[in-house]
1. Counting Lys +1, Arg +1, Asp -1, Glu -1, what net charge surrounds Gly194 among other residues with beta carbon under 15 Å of its beta carbon?
2. Using the Cα centre as the reference, give the magnitude of the dipole from point charges on the C-beta atoms of region 98-178 (Lys, Arg: +1; Asp, Glu: -1; all else neutral), rounded to the nearest 20 debye.
3. Rounded to the nearest 0.05, what FRET efficiency do Ser159 and Val359 have when you use their Cβ-Cβ distance and R0 = 45 Å?
4. How far is it, in nm, from the label point at Arg344 to the one at Arg106 when both lie 7 Å from their Cα along the line to the Cβ?
5. Looking at Leu367, Thr320, Ser343, which one has the Cα that reaches farthest to the positive end of the dipole of region 316-376 (charges on Cβ: Lys, Arg +1; Asp, Glu -1)?
6. Would you mind checking region 138-181 for residues with the amide N under 11 Å from a putative spin-label position 7 Å along Cα→C-beta of Asp117?
7. So how exposed is Glu291, as accessible area in Å² (1.4 Å probe, rounded to 10)?
8. Within 13 Å, Cβ to Cβ, of Glu184, how many net charges do the neighbouring residues add up to if Lys/Arg are +1 and Asp/Glu are -1?
Amino acid sequence: MEITSCSTLYTHPIKRTTSCNCFYFHAALNLPTTRFHPSSPHLSVFSRSVSSVGKSLRIRTPVALSTTSRSNNYSSQELAVLLEVEGVLVDAYRSTNRQAFNEAFRKLGLDCANWTDPVYSDLVRKNAANEERMLIMYFNRIGWPTSLPTNEKESFIKSVLREKKNASDELMVSQSLPLRPGVEDFIDNAYDEGIPVIILTAYSKSGEEIARSIINKLGPERISKVKIVGNEETRQSLYSEVVRGQAKHSGLDEQLAKEAMKAASAEKQRIAEKVASALKLSVEINTTSSESLDKIICALRAGAELADIPVSNCILIAGTQSGVDGAERIGMPRIVLRSSLTSRAEFPSANAIMDGFGVGGLTITRLRQRTWSSDA
């Protein structure tokens, strides 16, 4: 998202409403005998065979670029592409987030609240896109609902965020949410080149149901050219069966270690947010829990199984840091496709970052012409 340069919220007083005591703001998956961890990059398993179904390029310095060679990572006949949904198939943040807030305000009867592009952009910038803090700043300035007791402000903010999530989900499945430019041509070109395309819904932030509804925007003909890896496909993968078999033998110490990691992750996030608030900086750290990361890794390996291509020959096109983290753990090359939400984010472990599909961005020709090292 391009953040507009709006340093202040400009106020224009209008008539007071009964719902807010405020001025309205308006601004312009065979078992080896050796034990392994789900994230081990050394286990590659394949149970299925499948018929094949902008923008500047920024390559990070650790990435080796060379002409395609069979002695290297893959030949042109041994390549698969795994696509995430949010940020890759659609740029949902750009298209739905501000609208979802306004719809939440409307449903809650907050007639005085409406976020224009400049107001929304200013709140995002000043609060590092923390939605709870954005709401608090906004209502601190325009006034809180008159009937709201001071000790109920926290529950009020949570109710707004719930309504916003509901509105966002509705917008995500609506016909008005467009696919990212060039993604349909990218899938068609991959199919024509005999390259399997796997779309991942198993760890979609918005949930699998919404992710699959977004995939429906591709249309029946194009959907027939891809394979989808959701929760069920992940559970049925050979890799997941191995992992579950290993889990039956895991001891209490391992479970305690996982809980400790989750607690430490939460504490790191709390401290980072406190420091960021004090310094008025945006701080991004990796807080992906071990459980979430294992789920992502299982989905990625299930995708490689379904494509019948080695993990190191599959390229993840990611829109999220968590996907990048999972791919890095198993040695899968990873390319980040920027979206409005991640336009200023850093992805140090990505092999490359691109701004979109098409000329000057991500194309099948470019993937075949370059060797993407799995080490970032």
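The values are calculated or read from the model by the stated rules, or taken from the named source; none is laboratory data. Note that the structure is a prediction, hence the values are computed from the model and not measured. No Cβ is skipped: glycine too gets one built from the backbone with ideal geometry, and neighbour counts run over all protein chains shown. Remember, those area values only see protein heavy atoms, side chains included, never the ligands or the DNA or RNA. Shrake-Rupley method; radii C 1.70, N 1.55, O 1.52, S 1.80 Å.
1. On the way: positive: Lys225, Lys227, Arg368; negative: Glu78, Asp188, Asp192, Glu193, Asp308.
Here the count lands on -2.
2. Values: 12 positive and 11 negative charges, 34 e Å.
For region 98-178, the charge dipole is close to 160 debye.
3. On the way: r = 46 Å, r/R0 = 1.02.
Efficiency, from the Cβ-Cβ distance: 0.50.
4. Label-label distance for Arg344 and Arg106, simple model: 2.9 nm.
5. About the Cα centre, the residue reaching furthest to the positive side is Leu367.
6. none
7. Spelled out: Glu291, probe radius 1.4 Å, area about 120 Å².
8. Computed value for this residue: 0.
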